[in-house]
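Heads up: the structure comes next, in structure tokens.
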Amino acid sequence: MALLEIRNLHARVKDKEILRGIDMTVEAGEVHAIMGPNGSGKSTLAQVLAGRITYEVTQGTVRYDGKDLLAMKPEDRAREGVFMAFQYPVEIPGVGNAYFLKAALNAIRRYRGQPELDAMEFLELVNDRMKLLALDESFMKRSLNDGFSGGEKKRNEIFQMAVIQPRLAVLDETDSGLDIDALRVVSNGINTLRSKDRAMVVVTHYARLLEYVTPDVVHVLSNGRIVKSGGKELAHELEKTGYAWLETPDSGAKPAAV
Amino acid sequence: MVSKAAIQEAFASQEYKHGFFTELDEDMAPKGLNEDIVRLISRKKKEPEWMLEWRLRAYRHWLTMKEPTWANVHYAPIDYQDIIYYAAPRPKKPVESLEDVDPEIRAMYDKLGIPLQEQEQLAGVAVDAVLDSVSVATTFSKKLEDLGILFSSFSEAVLRHPDLVRKYLGSVVPFNDNFFAGLNSAVFSDGSFAYVPPGVRCPMELSTYFRINAADTGQFERTLIVADKGAYVSYLEGCTAPIRDKNQLHAAVVELVALDDAEVKYSTIQNWYPGDKEGKGGIFNFVTKRGKALGVNSKISWTQVETGSAITWKYPSCILQGDNSVGEFYSVALTNNYQQADTGTKMTHIGKNTRSTIIAKGISAGHGQNTYRGMVKILKGATGARNYSQCDSLLLGSKCGAHTFPNIEVTEPTAQMEHEASTSKIGDDQLFYCQQRGLTPEDATNMIVNGFCKQVFLNLPMEFAVEAQKLIQVSLNLEGTVG
């Protein structure tokens with residue numbers, strides 16, 4: 001049984017249909033990249049998997065580890081092991097980074113019937129993960145994402161993923177806004193977390209991230225459908241050709257700027 | 001799926017945790033107010049002639065005053081002749097130790113979780129417990145006395161330390177200050193008095209728990225705290241009240257005085273009955289609190305967490321008279337259901353190099369209306385005076401409101417003023433982000449609200465900060481109401 005099975009998934013915002021029949025199967029241990037032009041539905045797919053209510057699923061099914069993912073509340077999806085690294089992580093002033101992450105981790109542990117971690121156990125756990133993402137202790141004491149640079153926010157997302165250890169990680173444009181050094185740190189974090197039990201769905205506009213994180217499968221999304229799937233070489237191809245070739249006369253989509 | 005609207009609906013369905021009523025044998029005055037009632041109160045307290053005279057002068061002046069209408073609060077007219085102005089619990093015999101306190105009163109305190117026990121000593125808290133209008137127990141007085149610190153009920157201080165009381169009573173809030181202060185000056189029942197002698201640092205947090213108990217009984221507390229030269233005192237005030245159908249008036253006066261190099265820190269957690277979810281009942285809290293930083297290098301610091309009362313009208317203020325004196329105001333005001341709060345502060349800079357800081361946080365939920373009203377006045381001659389003001393509002397839902405009226409009057413050209421303000425909503429983005437990390441929307445809301453209040457909580461004494469955090473959570477208790 002695949003870890004994630006998406007069948008004929010349709011979703012819309014208000015009257016606008018954005019996903020128009022997505023089919024995708026992700027096995028544990030695999031990294032899938034979702035590429036496509038702006039407005040193709042990449043981020044919508046990520047948000048639908050995480051359970052954002054802005055998007056209404058009108059058709060199709062998503063099975064995660066054999067369970068009906070769409071029937072679960074967002075927090076229960078997280079507790080079942082689905083993690084999304086946000087494209088725009090929110091800021092919560094006055095709530096410490098460490099405090100937030102400990103609360104999240106313990107909420108997940110409670111759900112799974114595991115004992116909650118106390119402050120010492122938590123610090124031990126996070127210490128080497130901090131090193132992995134090149135974060136120092138002062139970082140933990142700052143308010144969640146409050147006043148963070150774009151790079152710090154993205155590093156924090158991958159750091160949270162490293163602590164939470166999800167089974168399915170959905171990374172939404174994690175490479176956007178990163179300079180080359182930050183991209184290396186973040187990619188290194190992602191690669192370290194690759195394992196045979198864990199699957200990753202990496203949403204990205206550019207192939208840049210995929211030079212560091214080698215995908216097993218690349219899907220090209222256009223106008224709400226997967227129009228092409230292939231190996232890692234597909235990413236390089238796209239880098240050369242851009243997305244303009246995707247446009248078909250009946251799609252109604254404007255040529256995407258790349 | 002949990003919508004934000006559903007969460008906000010849930011705010012309306014909370015119950016007041018301290019809503020119970022204890023039967024006590026009350027010694028009550030008849031309803032209404034006239035000179036005879038003022039005399040009765042004074043006689044009941046065996047007050048000296050000067051005290052009665054002061055009350056009567058206050059009463060006569062009050063008759064000429066009008067209830068203020070400028071606040072951003074709305075309520076039916078109060079019939080001041082329909083209020084009982086004096087009620088005292090009748091102890092069987094004079095109270096000498098905790099064992100002598102009426103068991104029913106002690107049980108009530110236990111229900112409220114008030115530590116009126118020996119554990120206080122460990123916690124470092126001395127409680128002058130006020131039930132209705134008369135102090136029923138005063139603890140730790142002897143220990144404090146060894147340091148020369150006077151801490152007692154106000155009535156006792158009138159009898160035992162008349163010189164100190166006469167010197168400072170009304171020196172910060174005169175009886176003609178405002179309508180509610182005038183009323184209080186005429187009919188105040190009891191309250192607390194603290195005096196810390198020169199050079200003494202009070203080793204424990206002094207604390208009073210107020211509790212309104214008898215139906216239809218106005219509560220008129222009077223508190224006076226004086227820190228003599230080089231002295232320090234931190235004072236805690238916490239309040240709860242049982243559920244009532246009829247609105248209850250509360251008009252307290254608190255006066256703080258800090259002489260040269262002295263500091264008074266005053267912290268409040270106010271959790272009186274706010275009324276039910278339709279806006280019925282609840283306490284009217286019309287309070288005058290003011291501190292005078294009289295001496296050079298003196299400091300007055302107010303911290304308040306206001307979650308209760310149907311209507312709050314309260315502006316803990318500082319008169320910065322001494323050169324280099326410091327005034328601080330840290331506030332969290334939460335309004336839910338149909339609560340209304342008009343609160344803030346007034347900083348009056350008179351001395352040179354005086355500094356003031358204002359951090360005001362307003363949280364509105366349900367149909368709550370939250371107003372910050374501030375006045376920073378820098379008088380001519382207050383050279384080098386500085387003020388920093390920050391007012392932040394957090395809205396939960398779309399039926400509540402936040403209003404800010406920051407006033408500034410500067411007549412000293414060397415003054416420096418800074419003002420920051422923000423209004424935010426708990427966003428869908430924030431809630432979804434927290435949910436995606438495994439937290440429920442309820443936990444996320446509590447977390448965001450606590451984060452919003454943090455700057456103020458940091459100024460509370462440790463154990464009070466924990467209580468405040470819990471109180472905010474209880475006031476926004478969402479558990480089991482959405483799903």
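Every number here is computed from the coordinates shown, using simple stated rules; none is lab data. Note that the structure is a prediction, hence the values are computed from the model and not measured. Neighbour counts are summed over all protein chains in view; Cβ atoms, including those assigned to glycine, are modelled from backbone coordinates with ideal geometry.
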### Query
Using a simple spin-label model with points 7 Å from Cα along the Cα→Cβ vector, what separation in nm is obtained for A:D128 and A:D68?
4.1 nm
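Using the Cα atoms as the points, what is the convex hull volume per residue of chain A in Å³?
130 Å³
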### Task
Kindly express, to the nearest 10 degrees and within the range 0 to 90, the angle between helix A:119-132's C-alpha long axis and the longest C-alpha principal axis of chain A.
50 degrees
### Message
Give the average, rounded to an integer, of partner chain Cβ atoms located within 10 angstrom of each Cβ in A:92-105.
### Response
5
### Query
Got a sec to turn the phi values of region B:296-306 into Karplus ³J(HN,Hα) couplings, 6.51 cos²θ - 1.76 cosθ + 1.60 with θ = phi - 60°, whole Hz, x for Gly and Pro?
5, 6, 8, 9, 10, 10, 9, 10, 9, 10, 10
### Task
Return the long-range amide H neighbours of B:I378 (sequence gap of 5 or more, or a different chain), with a cut-off of under 5 Å between placed amide H atoms.
B:H349, B:E409, B:V410, B:T411
### Query
Going from the alpha-carbon gyration tensor of region B:317-376, what semi-axes, largest first and in whole Å, does one get by taking the root of 5 times each eigenvalue?
30, 9, 6
### Task
Arrange the following residues from fewest to most other Cβ atoms within 10 Å of their Cβ: A:H236, A:H219, B:H349.
A:H236, A:H219, B:H349
### Helix axis angle, A:150-164 relative to chain A longest principal axis, alpha carbon, degrees
70 degrees
### Dipole moment magnitude, nearest 20 debye, region B:252-366 about Cα centre, only Lys, Arg, Asp, Glu C-beta charged
140 debye
## Note on the structure
In terms of the charge dipole of region A:21-81, which places +1 on Lys and Arg and -1 on Asp and Glu at the beta carbon, the residue among A:A78, A:N38, A:A28 farthest towards the positive end is A:N38
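What does the net charge come to around A:K154 if you take all other residues with beta carbon closer than 14 Å to its beta carbon, with K and R at +1 and D and E at -1?
Charge balance near A:K154 sits at -4.
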## Note on the structure
Taking every other residue with Cβ under 12 Å from the Cβ of B:I37 and scoring Lys and Arg +1, Asp and Glu -1, one gets +3
### Task
Sort B:V187, A:V163 so that the residue with the fewest other Cβ atoms within 10 Å of its own Cβ comes first and the one with the most comes last.
A:V163, B:V187
### Query
Where both residues lie in region A:120-245, what percent of DSSP beta bridges are antiparallel, nearest 5?
50 percent
### Summary
In degrees, nearest 10, the alpha-carbon axis of helix A:97-111 is tilted away from the dominant principal axis of the alpha carbons of chain A by 80 degrees
### Message
From zero outward in steps of 5 Å, how is the percent of C-alpha pairs of region B:254-405 spread across the bins?
### Response
2, 11, 20, 20, 17, 12, 9, 6, 3, 1, 0
#### Entry: Largest-first ellipsoid semi-axes for region A:116-258, taking √(5λ) over the Cα gyration tensor eigenvalues, angstrom
34, 16, 13
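Shielding by partners for A:140-148, please: the mean number of other protein chain Cβ atoms within 10 Å of each residue's Cβ. If you can, show how the numbers build up before the last one.
Working: counts 0, 0, 0, 2, 6, 1, 1, 0, 0.
So the per-residue partner count for this stretch is 1.
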### Query
If we sort B:412-425, A:221-234 on the protection proxy, mean other Cβ atoms within 10 Å, highest first, what's the order?
A:221-234, B:412-425
### Message
Using 0.36 nm times the number of residues separating A:R194 and A:D181, minus their current alpha carbon distance, what extension gain do you get?
### Response
2.6 nm
### Task
Just the number, please: Stokes-Einstein D of region A:14-90 in µm²/s, Kirkwood Rh from C-alpha pairs, 4 °C, 1.567 mPa s.
95 µm²/s
### Query
Assuming R0 = 45 Å, what is the FRET efficiency of A:A119 and B:F405, from their Cβ-Cβ distance, to the nearest 0.05?
0.60
### Query
For peptide A:79-85, how many partner chain Cβ atoms fall within 10 Å of a residue's Cβ, on average?
2
#### Entry: Per-residue Cβ neighbour rank within 10 angstrom, fewest leading, A:I180, B:I149
A:I180, B:I149
